[in-house]
Every structure is written in C-alpha cells, then in structure tokens.
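Taking it in order: structure first as structure tokens, then the write-up.
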Amino acid sequence: MSSEQQTSLQEKQFMHKIKAEEKIEPKDWMPEKYRKNLIRQISQHAHSEVIGMQPEGNFLTRAPSLRRKAILLSKIQDEAGHGLYLYSAAETLGISRDEMIEALQSGRAKYASIFNYPALTWADMGAIGWLVDGAAIVNQVSLQRTSYGPYARGMIRICKEESFHQRQGYDIMLTLVNGSPEQKAMAQDSLNRFYWPALMMFGPHDSESAHSAKSMEWKIKRETNDDLRQKFIDQTASQIEFLGLEHPDKELKWNEERGHYDSGEIDWDEFHNVIAGNGHCNRQRLEHHIKAHEEGAWVREALVAYNAKKQAKQTEAA
Ligand code: FAQ
C-alpha cells in the first residue's frame, strides 16, 4: 500500500470513529489539521482561564467580608486549576507548556476577549461570576461531548466547578439588588458594562467564523457560536428580570414563532478591536502575566533540580 493510500485509509477510519461518537485519544492517528486546530482552541481556552484570574484577583483585598473573600479566593484557585487541566490536555497533542506560554506572551495566541475589560467595582465580581462564568458554562457543557478524549473529560470536571462560580456571582448580585439604592445602581452599572462583552465570548457570527465548519464536522465543537449565544441570551433574560434590573439590550423581544428572544446587534468593531490587542486592559494583562511568570522562574527551576536529584538517588540505589 502506498503512503497516500495508507493516509486515506487512516482518514476514513478517523471519520468513522467521529461519526460513531467514539473519542479520539492521544495515541490515535489524527489528521494534522485536527491536531493543530485542537492545540489552538485548547491552549487559548487554557490561556483564558489563567488570564481570567487577573480581574478578580484585584478584588481579593477589597472583598466586603471574610466569607466573600474566602469564596472569591477559592473560585480564583479553581480557574488556575482549569488552566492546568487544559494545558495538560493540549500537551497530549505534542506541544510543550513553554511553547504555549511563549505564544501567549508574544501575542500570537489569543485568550477570551472578556478579560480585557476592567473590573471596577465589587459588583463586577458578581457580574463576572454570573455572566462570564455563565457564558463559559453554556459553551463548556457542549464541549463535554467534544471528540478529543482528554479535552472532553477535562470539561466534565470544569463544568461542575464553573457552576459554583456562576452561583456565587449571582448571589453577589442578589445581595446588591436587595441592598441600598446605591448598591442596586452599582449592580445595574456592572450588568450594563458586562452584558455585551459576555455575548462576544461566543465568538463571531457563524457566517464569519473561520474555524466553525471544520470544527463542527470533526465534532471539536458540538454547537455553533450563534446557537450557544442564543441559549445564553434566553437563559439570562429571566435572571435579569428576577434581579429587578433593566435589560441592557433595549431591542430584546420574545419571538413566539422561534421560541427564542430576538436581540440587538453586538458591536463587532469593538470585538475585533479587543481581539486585535486594543482593548482597555490587553497590555496590562500580558505585562502582568510576563512579570508573574518571570518571578516564578525559581519555582520551576527548583522543581527540575529536585527531580534531577531524586532521579540520581534512585539510579544510585538501583
Ligand atoms: N475572544 O472561527 P472562530 C472562562 C477568535 S473560559 C478572543 O469562531 P473558534 C472561564 C478565535 O480564537 C472562556 N478571541 O473561532 C473563566 C479565532 O482566532 P484564531 C474561554 C476570539 O475557535 C471565567 C477567531 O476569533 N472559553 O471564561 C473570541 O471556532 C471567569 C475566529 O473565531 C473557551 O475558550 C473571543 N471571545 O470559536 C475564567 C472555550 N471568539 O484562533 C476566569 C473554548 C473568537 O484563528 C474567570 N473555545 N475568537 O487566531 C471555543 O469554544 C471556541 O474557541 C470559541 C471561538 C467559541 C471561543
């Protein structure tokens, strides 16, 4: 059999597995473009979790009570853990952690646009948990069925934790709307600033999405950007109503025929501007990441030295 025939047979077997809903595992044959696309998506997902710790991290010293501080701290630590599961999943595809970090820090790899918006008030901790984690869950629930085994399994655990994050955010909002008029106004202001950027987390419209068609065929993505965004719009409408806040989208209207809400258009210029690196906080987020990474170099070096010493001792004993 020629090498071309061999590849075509492998491709057929690969597609057969995808169609049969079998997971693709690290040692299985896979098309090079499938591998590269997964590395792109999983590593950007990991970067988002890690960069996403920054806006909330800023509020650890400003939490209004010890209880709120402990909850926020534990939520932020979860996000670090999510980053680690995801980097590990990407590593099974043959890329190193160093290469991924280099791509992030040089600006070649993206991370979720939402984290380039500033967190200005305590209410933003509520809006981030409720809306940002809420949008992340809608997307990640669907990714639990993604075709790549290590990514799908990581998503199952991540979703459980994100669900707690979403509730703690909503709980902060509930407390604020039931507080003083100033607290309620703070919650409204935060909703107004985070609602549209949260919708942008789902990516461009399907018609503009470069990767969607192939990712849907390979079942890397199980639902399209617009379908997931619609789910989020639908579920958020009643949550906003329950809080007694005004909906930031003045064009939002229930469409009986579609069984969904119709909504106003996203400011796509803003979205493209932010992902091109020109958002409020893009520079600050990357500079902070680089600084923290450099300051942590001694920990990585100490670990390598410790492992080398342990290995040498074991060899000597053997
Ligand atoms: N921001 O062709 P598509 C979280 C880029 S986790 C920045 O539609 P795709 C937890 C896209 O990368 C949040 N860039 O792309 C948390 C591509 O550029 P490229 C992260 C965006 O991949 C909460 C280009 O535009 N979740 O929040 C964005 O098929 C609180 C064309 O777009 C995930 O990453 C965006 N919003 O669909 C942590 C989930 N949208 O790579 C802390 C996994 C698009 O060619 C605190 N990822 N782009 O240079 C996905 O599901 C997909 O990658 C999408 C984008 C849906 C994000």
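With θ set to phi - 60°, apply the Karplus curve 6.51 cos²θ - 1.76 cosθ + 1.60 along segment 246-253 and write out the HN-Hα couplings as whole Hz, x wherever there is a Gly or Pro.
Each residue of segment 246-253 in turn: 7, 6, x, 9, 6, 9, 5, 8 Hz.
Using a/c under 1.5 as the rounded threshold, could you call segment 204-277 rounded, prolate or oblate? The axes a ≥ b ≥ c are square roots of the C-alpha gyration tensor eigenvalues, and prolate needs a/b larger than b/c, oblate otherwise. Before the final figure, lay out each step's value.
On the way: a/c = 2.31, a/b = 1.47, b/c = 1.57.
Because a/c hits 1.5 or more and a/b fails to exceed b/c, segment 204-277 counts as oblate.
Going down the table (Lys33/Lys231; Lys17/Lys214; Lys33/Lys219; Lys17/Lys219; Lys36/Lys231), which pairs top 21 Å between alpha carbons?
Values: Lys33/Lys231 29 Å; Lys17/Lys214 16 Å; Lys33/Lys219 13 Å; Lys17/Lys219 11 Å; Lys36/Lys231 28 Å.
Among Lys33/Lys231; Lys17/Lys214; Lys33/Lys219; Lys17/Lys219; Lys36/Lys231, the Cα-Cα distance tops 21 Å for Lys33/Lys231; Lys36/Lys231.
Label segment 63-108 by shape, choosing from rounded, prolate and oblate, from the square roots a ≥ b ≥ c of the eigenvalues of the Cα gyration tensor; if a/c is under 1.5 it is rounded, and otherwise prolate applies when a/b is larger than b/c, oblate when it is not.
Oblate, since a/c reaches 1.5 and b/c is not below a/b.
By a straight-distance test (C-alpha under 18 Å), which aspartates and glutamates pair with Lys310 as possible cross-link partners, with residues fewer than eight away in the same chain excluded?
Glu301
How high is the relative contact order of segment 56-166, given as a whole-number percent (alpha carbon pairs under 8 Å, six or more residues apart)?
26 percent.
What list of ³J(HN,Hα) values in whole Hz, one per residue of segment 50-61 in order, does the Karplus curve 6.51 cos²θ - 1.76 cosθ + 1.60 (θ = phi - 60°) give from phi, with Gly and Pro shown as x?
6, 5, x, 6, 5, x, 7, x, 4, 9, 4, 7
Which FRET efficiency value, to the nearest 0.05, is calculated for Asp171 and Gln311 with the Förster distance at 51 angstrom and r the Cβ-Cβ distance?
After rounding, the FRET efficiency stands at 0.60.
Provide the FRET efficiency to the nearest 0.05 for the Glu295-Glu25 pair, computing r from the beta carbons and using R0 = 45 Å.
0.75
At 0.36 nm per residue, minus the direct Cα-Cα distance, what do Lys160 and Val304 gain on full extension? Give it in nm, one decimal, please.
My answer for the length gained is 48.6 nm.
Please give the Cα centre distance for segment 31-52 versus segment 173-202, rounded to the nearest Å.
30
Whats the longest run of the chain with zero GluC sites (Glu not before Pro) that are DSSP loop and have at most 13 other Cβ atoms within 10 Å?
The longest uninterrupted stretch comes out as 23-245.
Place a label point 7 angstrom from the Cα of Glu182 along the Cα-to-Cβ direction, then list the residues of segment 100-141 whose backbone nitrogen is under 15 Å away.
Only 121-123 fall inside the zone, counting backbone N under 15 Å.
Decide, for the chain, between rounded, prolate and oblate: order the square roots of the alpha carbon gyration tensor eigenvalues as a ≥ b ≥ c, take rounded if a/c falls under 1.5, and otherwise choose prolate if a/b is larger than b/c, else oblate.
Oblate, because a/c is 1.5 or more while a/b does not exceed b/c.
Gln105 versus Glu241, label points 7 Å from Cα toward the beta carbon: distance in nm?
Computed distance between label sites Gln105 and Glu241 equals 5.0 nm.
The numbers here are math on the coordinates, done by the rules we state, and not lab data. Predicted, not measured: the structure shown is a model, and the values here were computed from it. Note that each Cβ is placed from the backbone with ideal geometry, even for glycine, and that neighbours are counted across all protein chains shown.
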